[in-house]
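The values are calculated or read from the model by the stated rules, or taken from the named source; none is laboratory data. Please read all numbers here as calculations on a predicted model, not as lab measurements. Neighbour counts run over all protein chains shown; Cβ positions are idealised from the backbone, glycine included. Only protein heavy atoms, including side chains, enter the accessible area calculation; ligands, DNA and RNA are left aside. Shrake-Rupley method; radii C 1.70, N 1.55, O 1.52, S 1.80 Å.
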Amino acid sequence: MNAITDDKINNGLKNAVTQILNILPEFTDKFPKAYSEGNFYSATENVDWTTGFWTGEIWLAYEYVTSHESEFEAGAAEKLKNAGLTQVKSFLHRIDNKIEVDHHDMGFLYSPSCVAGYKLTGSEDGKEAAIKAADQLLTRYHPVGEFLQAWGPMDQPENYRLIIDCLNNLPLLYWASDVTGDSKYREIADKHINTAVNNVIRDDYSTWHTFFFDMETGAAHHGATCQGYRDGSAWARGQAWGVYGLATAYRYTKREEYIPLFKNVTKYFLDHLPKDLVPYWDLEFTDGDDQPRDSSSASIAACGMLEMSRWLDKDEAEYYINTAKEIINSVYENYAVSDFGKSNGLVLHSTYSNHSPYNTCNHYGVDECNIWGDYFYMEALTRLSKDWIQYW
Ligand code: GLY
């Protein structure tokens, strides 16, 4: 397979920024919905778990424009910065008023929006909002079982579970410990990672989407899928969250045992890709199956490999960088939006939630753009273009 070239990386970022500037007037006071319909996002309030990705796209665009000013209309950087800061205020309002924050997705919401806004512009609103969001995330912690509960009320056995996605909520906690000097955030993140990796990774290094614990004793109970095809299969995005989550777990803890876990979970993901390196929505499916893709998983896993390459020796790092470049080349060539008349998103052919005979999932956002797929495609291109100051 071909690795993406520097010219394509630059072109991919330029296209993405152009699209973001096109739609910014519609999505400054509002946010794109989690998924498109007919490849077009409509506008929503700041209520879903996904709105931070759009603000993250604005910050990535701002970064790109500030170093390529002559390629864009005058004032583009200022426009993006102002839009990003407007949205940071919306996130501060959301956490102050506890609007739809009774779940674990505080990291997905507040890292690419408010932590990024603080790191890039020194926004005090961003810092305050992100610390409050980290405090909110701590309220999801169960000492019995030592994990952060994903969804639902905290006192019900049917909700006593973590999900693999949560690994990517934890950078918010490490950041909060760094800026406040209070180790409580880091300590809980360390415990959650330990519990998660000991339970969601199966013997063959495929992963459970969700894992339940006994409410009385905290003992491991059973794994189950929510968004995957069936309980024993590997939901593509869950496996991708595992790849990226293990990379950030190593980054923040430096626990050596996470390195082989990263390598093996990544190998399982790579071994189950179709020819064009962009997975079907569940790794059970491959070329020839009449099933939708989830292009967002390709970009998430590529970001995880690029993150981990920062912590490995040269030869291993080169392997993961090159693999990420091959995956992102395929996303760029075959999935990225090139005709803005056909979509207001960045990447086509993702799957949010696909109903199967063996899961209880809703059916929406299937073979559509989704906002995290757009965000992680841009993050991967940005990581490939420079030494990126991480939002996570
Ligand atoms: N974290 C939810 C999802 O990946 O769909």
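Normalised by the number of residues in the chain, what is the relative contact order in percent for Cα pairs under 8 Å and 6+ residues apart?
19
What are the ³J(HN,Hα) couplings of the range 12-25, residue after residue, when phi is run through the Karplus curve with 6.51, -1.76, 1.60 and θ = phi - 60°? Round to Hz, x for glycine and proline.
x, 5, 5, 4, 4, 5, 4, 5, 4, 5, 4, 9, 4, x
Over the range 195-334, what relative contact order in percent results from Cα pairs under 8 Å that are six or more residues apart?
On the way: 230 pairs, mean separation 28.5, N = 140.
Normalised by residue count, the contact order of the range 195-334 is 20 percent.
Hey, can you find the accessible area per residue of the range 17-159 for me, probe 1.4 Å, expressed in square angstrom?
On a per-residue basis, the range 17-159 sits at 38 Å².
Given a 1.4 Å probe and the protein chains all in place, what does the accessible area of D135 round to, in Å² to the nearest 10?
60
What value in Å³ per residue do you get for the convex hull of the alpha-carbon atoms in the range 117-224?
104
If one computes the Cα centroid of the range 306-362 and of the range 98-166, what distance in Å separates the two points?
25
If we restrict to alpha carbons, what Rg and Dmax does the range 140-289 come to, in Å?
15.6, 53
In the P(r) worked out for the range 44-144, what percent of Cα pairs fall beyond 23 Å?
Counting pairs separated by more than 23 Å, the tail of P(r) holds 27 percent.
For the range 240-301, restrict the atom set to alpha-carbon positions and state the Rg and Dmax in Å.
Expressed in Å, the Cα Rg and Dmax of the range 240-301 come to 12.9, 41.
Give me a comma-separated list of calculated 3J(HN,Hα) values for the range 93-101, in order, Karplus coefficients 6.51, -1.76, 1.60 applied at θ = phi - 60°, integers in Hz, x for any Gly or Pro.
4, 4, 6, 4, 9, 6, 8, 6, 10
In the range 170-263, what trypsin sites (Lys or Arg not before Pro) fall in a loop by DSSP, with at most 12 other Cβ atoms inside 10 Å?
Sites meeting the loop and neighbour criteria: K254.
Spelling out what I want: for every residue of the range 205-216, take phi, set θ = phi - 60°, compute 6.51 cos²θ - 1.76 cosθ + 1.60 (Karplus), and round to whole Hz; glycine and proline get x.
6, 6, 10, 7, 6, 10, 9, 9, 10, 6, 5, 7
Share of Cα-Cα pairs in the chain beyond 28 Å, in percent?
Here the long-distance tail beyond 28 Å is 41 percent of all Cα pairs in the chain.
Considering only DSSP states other than H, G, I, E and B, which trypsin sites (Lys or Arg not before Pro) in the range 98-151 qualify as loop sites with at most 12 other Cβ atoms within 10 Å? Don't skip to the end; give the middle numbers.
Working: sites: K98, K119, K127, K132, R140; in loops: K98, R140.
Within the range 98-151, the qualifying trypsin sites (Lys or Arg not before Pro) (loop, at most 12 other Cβ atoms within 10 Å) are K98.
State the percent of C-alpha pairs, over all pairs in the range 1-101, separated by a distance greater than 18 angstrom.
Above the 18 Å cut-off, the range 1-101 has 51 percent of its Cα pairs.
Rounded to whole Å and ordered largest first, report the semi-axes of the equivalent ellipsoid of the range 184-242 derived from its Cα gyration tensor (root of 5λ).
Gyration-tensor ellipsoid for the range 184-242: 21, 15, 10 Å.
Normalised by the empirical 2.2 N^0.38 Å for globular proteins, what value does the Cα Rg of the range 1-49 take? Before the final figure, lay out each step's value.
Numbers: Rg = 14.3 Å, N = 49, 2.2 N^0.38 = 9.7 Å.
After normalising by residue count via 2.2 N^0.38 Å, the value is 1.48.
Based on the alpha-carbon gyration tensor of the range 307-381 and its eigenvalue square roots a ≥ b ≥ c, which shape applies: rounded if a/c is under 1.5, prolate if not and a/b is larger than b/c, or oblate?
oblate
Of all trypsin sites (Lys or Arg not before Pro) in the range 291-363, which ones are in loop regions per DSSP and have a Cβ with at most 12 other Cβ atoms within 10 Å?
Filter output for the range 291-363: K342.
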